[in-house]
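In what follows, a single structure is set out as structure tokens and then discussed.
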Amino acid sequence: LLFSLMPMSVSAASEPYIIVDGYRYENVNSDLSGNGWYWDAESKALVLDNYSGGSILTNVDMRITALTGTTNTIYSASSYHTCIKSEGTLGITANGNITLVDINKGDKVIGISAKALNLYVGQKGTLTCDNYVNTLIYTEDKSDINCYGSIISYGRLLIAGNDTTIAVNGASSSIKALNRKTVSTAVAIDGNCDISGEGKIVIGTDENAY
């Protein structure tokens, strides 16, 4: 298996790439793999299989999938302050567990940034944002958030985009904003937003809030 691998500091503007844990891969039309992840070139899917490492960044349309029964942790790179960033359309499927961790302890950390986002959390999946102050989901265009499991933010949860739909499906599903820092708002949504479903959105200051 031959692939192009270079440190994140080396740039090749406009060339298709994915960056995983500090390494840049430019031959996105070939299957790739690393510790706890693999890239399926045909489906443009980055599959997480107990991944624990640095930010995932790309300029191509792709889907990140956490396999059922896996535990995956993505740490924000200090130079990006972002756990997951895509210049294209980004899909995230959390059938397993994904935790986004802010190693910088900053107040403007972006958990997820994309041109457009489709986020799906399965019944056995969780997406946990373990950030110090803010968890920001930012898109230039549309965000679709479809939760059958749990989305948990330990900082203020900010969702910014032109158009957002949030579906909390099933009585056992939930989105929880649990501020470790006491700030003015626990949840803020910038732009048009439609919220539906049988689940619940819980706002509190710590784990005991729910």
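The values are calculated or read from the model by the stated rules, or taken from the named source; none is laboratory data. Because the structure is a prediction, the values reported are computed rather than measured. No Cβ is skipped: glycine too gets one built from the backbone with ideal geometry, and neighbour counts run over all protein chains shown. When the accessible area is computed, the model is the full protein with side chains, heavy atoms only, and any ligands, DNA or RNA have been set aside. Shrake-Rupley method; radii C 1.70, N 1.55, O 1.52, S 1.80 Å.
General remarks:
- Residue check for Tyr80: open to solvent by 10 Å² or more (accessible area, probe 1.4 Å), at pLDDT below 95 and out of contact with any helix residue (DSSP H, G or I) (no Cβ under 6 Å at 6 or more places or on another chain): yes
- Filtered residues of region 188-200 (kept if surrounded by 14 or more Cβ atoms within 10 Å (Cβ to Cβ) and under 17 Å from Tyr120 (Cβ atoms)): Gly197, Gly199
- Check on Asn118, over 23 Å from Glu26 (Cα atoms), at pLDDT 90 or above, surrounded by 22 or more Cβ atoms within 10 Å (Cβ to Cβ) and not aliphatic (A, V, I, L, M): no
- Residues of region 93-107 satisfying the condition of being out of contact with any Leu (no Cβ under 7 Å at 6 or more places or on another chain) and at pLDDT 95 or above: Thr93, Asn97
- Elements of the type strands (runs of 3 or more DSSP E) sitting completely within region 22-67 and holding at least 1 residues that are open to solvent by 40 Å² or more (accessible area, probe 1.4 Å) and touching a strand residue (DSSP E or B) at 6+ places or on another chain (Cβ under 6 Å): these cover 23-25, 37-40, 62-66.
- Residues within region 139-161 that are open to solvent by 20 Å² or more (accessible area, probe 1.4 Å) and in contact with an Asp or Glu (Cβ under 6 Å, 6 or more places away or on another chain), tallied: 2
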